[in-house]
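Down below is the structure, laid out as structure tokens.
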Amino acid sequence: MIPGAHLSTSGGIHTAIDRAEAIGSESLQIFTQSPRTWRPTNHDPANFERFKERRAEAGIQGVVCHALYLLNLASPDAEIYEKSVTTLMNTMDVACAIEADGVIFHVGSHLGAGFEAGLEHVVPALERALDRCSDTTWLLIENSAGAGGTIGRSVDELAVLVDQLGGHPRLGICLDSCHLWVSGVDVTDQASLSDCIDEVERRIGLDRLRALHVNDAAAPLGSNRDRHANLGEGEIGDGMSVFLGHPKLQGLPTILEVPGPDGHGPDANEIQKLRDLHGRGLKAARPGPRKAAARPRGKTASRAGARRTRG
Ligand SMILES: [Zn+2]
Ligand SMILES: [Zn+2]
């Protein structure tokens, strides 16, 4: 795990690195423009250089950019669609300029027209965005919370997208723990989570899984409501350690998109909680030989053994 957080770029894109350092974050996610407007930010190119210098100094291991929430690549409305594609391409250009590892985006909603009809818009949009990728900077589809016809609500839908794009070598995915939960995947249950991750491995490939979003859920399992909660304060609770400790989810930028104590985003305490939950999850996923030996024979011991085999 490379613990990280979504951080502000207020004062220049490079200032996100200072914020990451201040809270002990080793990876980060940023918007490349204000998330509330279509108008792109006119960045001073000198800030791109500052960003890269500061990133190296601070030893930040993972950097991802998040595209606007406004965009809808499945929109049947020609104007919204074109704005969406243009915005995604702009985001990709800025991401490449700062040598980010990827651009994460929500596909959008077919607005009732159906998944197949949505694909006819989404696939050419992604082809255009993929043209702007670099070897370093990938395009990463985020799984959706599943509300209102959103595309990418299941591993199956993500896999169909990757297939339709011919398995493009720079196309990847980002899995969000809250979105999985509200889409009906119990990320606190080792067996349910493993089923999901095994499907990712089989249908998409783990090499395409490039980032995680770690958010507790302020809405019930399968509710399709996208409400993030601070770690330990939502429906996932301490069960997040199962998600964080999963052996096939290690070594990735793991980004918090939580409200934080005052609604201003993740702070040092959230990062610490992330580290603690991860540590607990790793321990549970791989019990050491001493712990296993200390267990009494019988039911408990055999269950621990079964868990170890699966992990
Ligand atoms: Zn997310
Ligand atoms: Zn969300």
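The values are calculated or read from the model by the stated rules, or taken from the named source; none is laboratory data. Quick caveat, the model's predicted, so the values are computed rather than measured. Using ideal geometry, Cβ is built from the backbone for each residue, glycine included, and neighbour counts are taken over all protein chains shown.
Tabulated values for the structure
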| read-out | value |
| --- | --- |
| The range 230-259: number of residues that are over 15 Å from the mean Cα position of the chain (by Cα) and within 15 Å of ligand 1 (Cβ to nearest atom) | 5 |
| Every pair of residues 6+ apart whose Cβ atoms lie under 8 Å, when the first sits in the range 267-280 and is in contact (Cβ under 8 Å) with a residue 24 or more places away in the chain while the second is among the hydrophobic types (A, V, I, L, M, F, W, C) and surrounded by fewer than 21 Cβ atoms within 10 Å (Cβ to Cβ) | A268/A22 |
| Residue in the range 63-82 that is at pLDDT 95 or above, charged (D, E, K, R) and in contact with a Ser or Thr (Cβ under 7 Å, 6 or more places away or on another chain) present | no |
| Any hit, the range 118-128, residues being in a helix (DSSP H, G or I), under 22 Å from P253 (Cβ atoms) and away from ligand 1 (no atom under 15 Å from the Cβ) | yes |
| Residue list for the range 4-63, filter: of a type in the set (K, R) and over 16 Å from T91 (Cα atoms) | R19, R50, K52, R54, R55 |
| Residue within the range 144-153 that is in a loop (DSSP other than H, G, I, E, B), at pLDDT below 95 and among the hydrophobic types (A, V, I, L, M, F, W, C) present | yes |
| Members of the range 213-233 that are within 16 Å of ligand 2 (Cβ to nearest atom), under 19 Å from P259 (Cβ atoms) and surrounded by fewer than 21 Cβ atoms within 10 Å (Cβ to Cβ) | A218, A219, P220, S223, R225, R227, A229, N230, E233 |
| Flag if A219 is among the small types (G, A, S), over 21 Å from S8 (Cα atoms) and modelled with pLDDT under 95 | no |
| Number of positions in the range 154-186 that are farther than 14 Å from E199 by Cα and within 16 Å of ligand 2 (Cβ to nearest atom) | 9 |
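One line per residue, one yes/no per condition, for (1) more than 16 Å from ligand 1 (Cβ to nearest atom); (2) touching a helix residue (DSSP H, G or I) at 6+ places or on another chain (Cβ under 7 Å); (3) of a type in the set (A, V, I, L, M, F, W, C):
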| position | (1), (2), (3) |
| --- | --- |
| H168 | yes, yes, no |
| D176 | no, no, no |
| W181 | no, no, yes |
| T188 | yes, yes, no |
| S194 | yes, yes, no |
| I197 | yes, yes, yes |
| G205 | yes, no, no |
| R210 | no, no, no |
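Quick grid of which residues meet (1) surrounded by 15 or more Cβ atoms within 10 Å (Cβ to Cβ); (2) of a type in the set (V, I, T); (3) free of Cβ contacts under 8 Å to residues at least 60 places away in the same chain:
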| site | (1), (2), (3) |
| --- | --- |
| T37 | no, yes, yes |
| N42 | no, no, yes |
| P45 | no, no, yes |
| K52 | yes, no, yes |
